[in-house]
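Everything on this sheet refers to the single structure shown next.
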Amino acid sequence: MGESRNRWVIVVSHYNAEITEELLSGAQSVLSEEGVSESCIDIVRVPGAVEIPLVAQWAAQRPDTAVVITLGAVIKGDSDHYDFV
C-alpha cells in the first residue's frame with residue numbers, strides 16, 4: 001500500500017508571538033476556507049526564526065507530510081537575528 005501524505009505542518013516561531021500568532025490564525029483560516037480539515041494540521045512551535053529551517057526539514061521528511069508552512073517574524077533592531085536569518 002502507498003504512503004498517505006495528508007498532513008499539513010505549520011512551523012511557527014514563538015519569538016514575536018504577537019505577530020506570529022496572528023499569522024498562524026490567518027493561515028488556519030485560509031486552510032479552513034480551502035477545505036483542509038483541522039485534524040490534518042499539525043502545529044509545531046519553535047523558540048525563534050533560527051530553528052524554523054531545521055524543524056521544517058524534519059517535517060518535510062515525514063512520510064505523511066503533504067505541505068510545510070513556516071511562520072516567523074524577525075524585526076530589525078530587536079536582536080542580532082536580523083543579520084543572521
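Since every read-out is calculated from the coordinates, none of them should be taken as a lab result. Predicted model, so just to flag it, every value in this text is computed and none were measured. Note that we place each Cβ from the backbone using ideal geometry, even for glycine, and neighbour counts take in every protein chain shown.
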Hits in region 1-35 - residues which are touching a strand residue (DSSP E or B) at 6+ places or on another chain (Cβ under 8 Å) and among the aromatic types (F, W, Y): W8
Pair list, Cβ < 6 Å and 6+ apart or interchain, from region 30-47 residues that are without any contact (Cβ under 8 Å) to a residue 12 or more places away in the chain and loosely packed, with under 10 Cβ neighbours inside 10 Å to residues that are in a loop (DSSP other than H, G, I, E, B) and of a type outside the set (A, V, I, L, M, F, W, C): none
Search region 35-69 for residues being of a type in the set (A, V, I, L, M) and farther than 22 Å from A17 by Cβ, and hand back the single one that is farthest from the chain's Cα centre (by Cα). V36
Looking at region 52-69, I want the residues that are farther than 9 Å from R7 by Cβ and have a partner that is in a strand (DSSP E or B) and among the polar types (S, T, N, Q) with Cβ atoms under 7 Å, at least 6 apart or on another chain. Which pairs are those? I52/S13; I52/T70; A56/T70
